[in-house]
Each structure stands twice: as C-alpha cells, then as structure tokens.
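This report concerns only the one structure given below.
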Amino acid sequence: MLEKGLLNVTGKTAVITGASSGIGLATAQLFAEVGINVALLDVNDAKGEEEARNIIEKGGKAVYCHCDVTCAGDCEKAAAKVFAEFGAIHILFNNAGVIKRKSVVDLAESDWDLVLDVSLKGAYLLSKYVIPVMAGSGGGSIVNTGSGWGLKGGDDAAAYCAAKGGIVNMTRAMAIDHGKNGIRVNSVCPGDIDTPLLRDEAAQLGADEDEFMKEAADRPLNRVGEPLDVAKTVLFLASDLSAWITGTSVLVDGGGLA
C-alpha cells in the first residue's frame, strides 16, 4: 500500500456520481480507505444511503446525496450539501453514465437524449456547480469517465460513443479553462468492466451473458476488468502522484485497444 503522505489526499473531500454501484462505488470505497471524505451521489437512494453507512461503519467519512445529474437544481443542491458537510471540495469524479446498444437508425430519440444527458450533460452540470467551490478550496482534480469507445468507434452504440467522445474532448477544454484555478481535469477511459452496466449490454443485445463476458475478456491481459482496476487509476489522477498531468485521457482496458 502506498503511503498516504505520498498521495496527499488524507482529509480531502471527493464528490462521486453513479456511486451506488460499479466503478463509482469501488472508487468511493477506495477513497475512504486512504482517508478521503466521500460524497456518494446517485438516484438510487436506498443503495446509496446503505453504501455510505457501510463506509462510515468501517471508519470512513461519507455522506449520501440524491442527485439526478441531468437536473441543474439537483447538482447545485448536491454541491452545496457537500460543502456544508465538509467545508470544501477537492476532487470530483463525474462517473454517472448509461448505455443503449443501438445504431442511429434503430435508436429512439428519447434514448439518445438519455445517454447524452446522463454522461455528457451530467458532467457539465455538476462541474458547473463544483468548480467554484473547488477553486475556493485551493484547487483540485476532476476526473471524467470516458471510455475506450470515446477514443474509437464501437458497434451498435452510437449515442454512447458520441457521449464518451464528447467527454474526452470536453475534458481537454476544461483543463485549459480551469488550470488557472489550480484545477486539473483528466478522463479515465475504461474498457469492459464487470459491472451491472456491462451485463445489461448482453441483455440489450439478446446475447448469452456468459458468452458475452467471455468475448469481452478477449484482450492481451485475458480478463474483463474489475471496478477496482479503474478506481485505482482515478485515485492516481486525484492524487499528487499526477500533479503535472491535466487534459489527458488514461486508457484502462487490459490492452483492448493495443
């Protein structure tokens, strides 16, 4: 385990969206283990509150906030609640996202709007309300969840590829705009990670789940990723280990795009 002083994150406060499961939850748990105060944001209130309690019972500091990231009012209230609870925000992990496995011909307009709103608009809205607090807290780090499919195309996932491609380039623009505030902005781009989101893709495509997961593991490291694989990278980007890294995307995919 790395020394906490090397990371320089103890006592800092992080806001994490999509935090009740998958990558968001793994990141919240890892952050709490190294001494970061965590605010778990989600729309699944029962699960979010349960996971925040679990972190507190293990000695961490956590709070749950209901937040629909597509709603400006929710994002503004969440940022205010976290500031009231912890007095600062140093880390923002814009992780919430959904996927619809359809081509542009087959995709309903409502599903296009949902995917773009949750992944791309959500990152914009929460950043809008967190960045002023973060700047007033002395700066910090924002990590946006992109995807390997934000760097190249994928089949039957037009809206998802559009949203994640937007995340990758919005990340660059944010890094340029807010470096003067002492804020670094990067994106983490996972490959296939064993989350409820990935397994739902099998159902959307009408595929056998076991065969789908076997095919997803066909990459140089010969396995599907785990949420903790991504959480460790987010911790790196949030910590002083990456103090001179901003405006870039880190691919975490077991060599899938190699």
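Nothing in this text is a laboratory measurement; each read-out follows from the coordinates by a stated rule. Quick caveat, the model's predicted, so the values are computed rather than measured. For neighbour counting, all protein chains shown are included, and Cβ atoms are generated from backbone atoms with ideal geometry for every residue, glycine included.
Its Cα centre serving as origin, region 160-253 has a Cβ charge dipole (Lys and Arg +1, Asp and Glu -1) of approximately 740 debye.
Using only side-chain charges placed at the Cβ, +1 for Lys and Arg and -1 for Asp and Glu, the dipole size of region 96-136 relative to its Cα centre rounds to 160 debye. Close amide H contacts of Ala96 (hydrogens built in the peptide plane, cut-off under 5 Å, sequence separation of 5 or more or a different chain): Thr17, Gly18.
Given their separation in residues at 0.36 nm each and the Cα-Cα distance between them, Ala243 and Glu209 gain 8.2 nm when the chain is fully extended. Each Lys and Arg Cβ is given +1 and each Asp and Glu Cβ -1; about its Cα centre, region 17-132 then shows a dipole of about 280 debye. Panel values: region 127-258, Kirkwood radius from alpha carbon pairs, Stokes-Einstein at 10 °C and 1.306 mPa s, translational diffusion coefficient 101 µm²/s.
Extension gain, Asp155 to Leu257: 0.36 nm times the residue separation minus the Cα-Cα distance gives 35.3 nm. Counting only trypsin sites (Lys or Arg not before Pro) that DSSP places in a loop and that have at most 15 other Cβ atoms within 10 Å, the longest clean stretch of the chain runs over 59-151.
The length gained on full extension between Asp177 and Asn8, counted as 0.36 nm times the residue separation minus their Cα-Cα distance, comes to 58.4 nm. Per 10 Å bin from zero, what fraction in whole % of the C-alpha pairs of region 10-49 is there, up to the bin with the longest pair? Binned Cα distances yield the sequence 36, 53, 11.
Under a 5 Å amide H cut-off, with hydrogens placed 1.01 Å from N, Ile183 pairs with Gly140 among residues at least 5 apart or on other chains.
When Rg and the Kirkwood radius Rh are both evaluated on Cα atoms of region 39-127, their ratio Rg/Rh stands at 1.06.
As a rough footprinting exposure proxy, the listed residues His90, His66 were ranked by other beta carbons within 10 Å of their own, and the order from fewest upward is His66, His90.
Simple rule: put +1 on each Lys or Arg Cβ and -1 on each Asp or Glu Cβ in the chain, find the dipole, and look at Ile193, Gly60, Ala207; the Cα lying farthest toward the positive end is Gly60.
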